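Read-outs: derived from the displayed coordinates by stated rules, not from any lab. Not measured: the values here are computed from a predicted model. Neighbour counts are summed over all protein chains in view; Cβ atoms, including those assigned to glycine, are modelled from backbone coordinates with ideal geometry.
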């Protein structure tokens, strides 16, 4: 019959038993492997909890910035689709600009720059066909009062995709919220996939 630890039995690493009732204390006796593993696990778990408690990630701040930036882009493109210059202007800084990058008919890289005021004027008012831009997969990085947002997009004329590509937005955190200070994009007319 197995005696319990209070009566002098020690469990060794190999789980064999030996009577130590009349032995002098041996400070070199090895602790059981299970005890060592449990102790190490508890130490690591405690260190992890302490790290999370002392250095919490600012998840809520990042999430709120992310949501606010997506809202800025959405409102801008709603204004774009509606031809509403007031709505578009409400989301951009007065000095903002737009840079279009493309390849010409010969495959040479090209670039065209507009002041945002010029672009908004071009996109405002009545149109022969509806024009809208849809975007998805926003990748947003925020550092202090500066943010960048990369999105994939389709530009629709009526029910047809005219072109697609990637938009890059630079935004500034103003007293009135996130404002677009620059937009640059790529453009391609083939291989576009519909996203609504």
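Among the residues making up the stretch 173-185, a single one is surrounded by fewer than 16 Cβ atoms within 10 Å (Cβ to Cβ) and touching a strand residue (DSSP E or B) at 6+ places or on another chain (Cβ under 8 Å): 174.
Among the residues of the stretch 74-120, write down those that are farther than 13 Å from residue 181 by Cβ, part of a helix (DSSP H, G or I) and touching a residue at least 24 places away in the same chain (Cβ under 8 Å). Scanning the stretch 74-120 gives 77, 80, 81, 85, 88, 89, 120.
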